[in-house]
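This report refers to the structure that appears directly beneath it.
The values are calculated or read from the model by the stated rules, or taken from the named source; none is laboratory data. Small disclaimer: the values here were computed from a predicted structure and weren't measured. Neighbour counts run over all protein chains shown; Cβ positions are idealised from the backbone, glycine included. The accessibility values were calculated without ligands, DNA or RNA, using every heavy atom of the protein model including side chains. Shrake-Rupley method; radii C 1.70, N 1.55, O 1.52, S 1.80 Å.
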Amino acid sequence: MAPSDCCVLCGGDGAWAFEPLARELAAALWVDVSPLPGRFNYVLFTDTVPIPDGCASFVPLDAIALAGDKRRVAEAFARHGVPSPETHLFDTWDAVQQFRASRVDAEWCLKFPTASGASGHRMLTNAAPPKWWPAPFVVQEFVRLERPEVYRIYAAGGTTFGWMARRYPTGATTSPWVAHARGAQYERAGDAPEAASTVARAALHATGLLESFGCVDLLQKPTGEWVALEVGTDGLVNHVDRALSDVDMEHEIQRRIAKAFWNWVGTAPPWGASWRRREATG
């Protein structure tokens, strides 16, 4: 198998948003960035979905689409019994309000279904969202913590790795949504608890990401139970945040992806005995 049969697919009107990551992945995988699909593709963006017959995607295209839509994630979690905060989908705002009135035993939030970085999320009140808000509405139990924090586990090629905490710095202005885009920072958190790893693997399996590349965000309820919030991967509308302020972890993510990619292709990787980034040429 020649490396020219493989590429980071990044072309079309939205490709500009993925270009920095495309260059990083090309160096990690030892392949080129191409606007046209090859036989084996790490898909970041393309105007043509599905890609042509004979062209395969390392991260399954359906898994990419699922990870970008919290409604589909909620359905997949429910179908596979993945522990997660109680979540409901409602076709109408009236149904949302009827549910809220019947469940005053908990706090609830309204999640924007295709948001990244918690953009658009809000606590559920009687105030209706804008008329353009997509239905069904995603209503989820809000787990209030003394110190808001979310944990992240990654997976590549069927193996989970990493255990990063996302928290607001001491003294910083906080938000109910512990998002990097809102000022939360990543930090190493040691080894993942076995219970958290089990939930993470279940979430990644349920969404079709375990064998390729993805991540899952989790939190621990005050009861001690670990629950999965959502999953993420690269491609089409989103990408997994690599800005961790931890160079070793950033490189580990790329190394793991590269190894899993070439295992998927089914041939020896082009870097030789041990992985390293390909040096820029030209």
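Among beta bridges from DSSP that stay inside the chain, the antiparallel ones total about 75%.
FRET efficiency for the pair Glu194 and Glu107, taken as 1/(1 + (r/R0)^6) with r the Cβ-Cβ distance and R0 = 25 Å, rounds to 0.30.
Remark: the range 3-58 carries a charge dipole of roughly 120 debye about the Cα centre, counting +1 on each Lys and Arg Cβ and -1 on each Asp and Glu Cβ.
Pairs from the table (Lys70/Lys131; Lys70/Lys221; Lys111/Lys259) lying more than 28 angstrom apart at Cα are Lys111/Lys259. For the range 48-192, the solvent-accessible area with a 1.4 angstrom probe is 50 square angstrom per residue. Annotation note: GluC sites (Glu not before Pro) in the range 248-282 located in DSSP loop regions with a Cβ neighbour count of at most 14 within 10 Å are Glu279. Which of rounded, prolate, oblate describes the chain, given a ≥ b ≥ c as roots of the alpha-carbon gyration tensor eigenvalues and a/c under 1.5 marking rounded, otherwise prolate only if a/b is larger than b/c? Prolate, since a/c reaches 1.5 and a/b exceeds b/c.
With a 10 Å cut-off between alpha carbons and a GNM built on the chain, which of Lys131, Lys70, Lys259 moves the most? Most flexible of the set in this elastic network: Lys131. Dipole magnitude for the range 87-141: computed about the Cα centre from +1 point charges on Lys and Arg Cβ and -1 point charges on Asp and Glu Cβ, it is near 160 debye.
The stretch between Ala268 and Ala65, if pulled fully straight at 0.36 nm per residue, gains 70.1 nm over its current Cα-Cα span.
With bins 5 Å wide beginning at 0, the percent of Cα pairs of the range 87-141 falling in each bin runs 4, 20, 37, 26, 10, 3. A simple charge model with +1 on the Cβ of Lys and Arg, -1 on the Cβ of Asp and Glu and nothing else charged puts the dipole of the chain at about 280 debye relative to its Cα centre. Remark: spin-label model distance Asp94-Thr159 equals 5.5 nm, labels positioned 7 Å along the Cα→Cβ axis. Think of the chain as a dipole: +1 on every Lys or Arg Cβ, -1 on every Asp or Glu Cβ, centred on the Cα centre; then among Phe58, Ala165, Pro35, Ala165 lies furthest on the positive end. As a length-normalised measure over Cα pairs under 8 Å and 6 or more apart, the relative contact order of the chain settles at 20 percent.
For the range 167-188, backbone nitrogen atoms closer than 17 Å to the point 7 Å from Ser119 Cα along Cα-to-C-beta are found at 177-184. Any idea how far the Cα center of the range 221-260 sits from the one of the range 160-217, in Å? Cα centroid of the range 221-260 versus Cα centroid of the range 160-217: 7 Å apart. Here the chain exposes an accessible surface that is 50 percent carbon and sulfur, computed with a 1.4 Å probe and the other protein chains kept in place. For the range 92-106 and the range 63-78, what is the centre-to-centre distance using only Cα atoms, to the nearest Å? About 23 Å separates the Cα centre of the range 92-106 from the one of the range 63-78. Please work out the Cα convex hull volume for the range 3-58 and give it in Å³ per residue. Considering the Cα atoms of the range 3-58, their hull volume per residue is 60 Å³. Surface listing: Tyr151, Tyr42 arranged by accessible area from highest to lowest gives Tyr151, Tyr42, probe 1.4 Å. Extension gain for Ala181-Lys131 works out to 15.5 nm (0.36 nm per residue, less the C-alpha to C-alpha distance).
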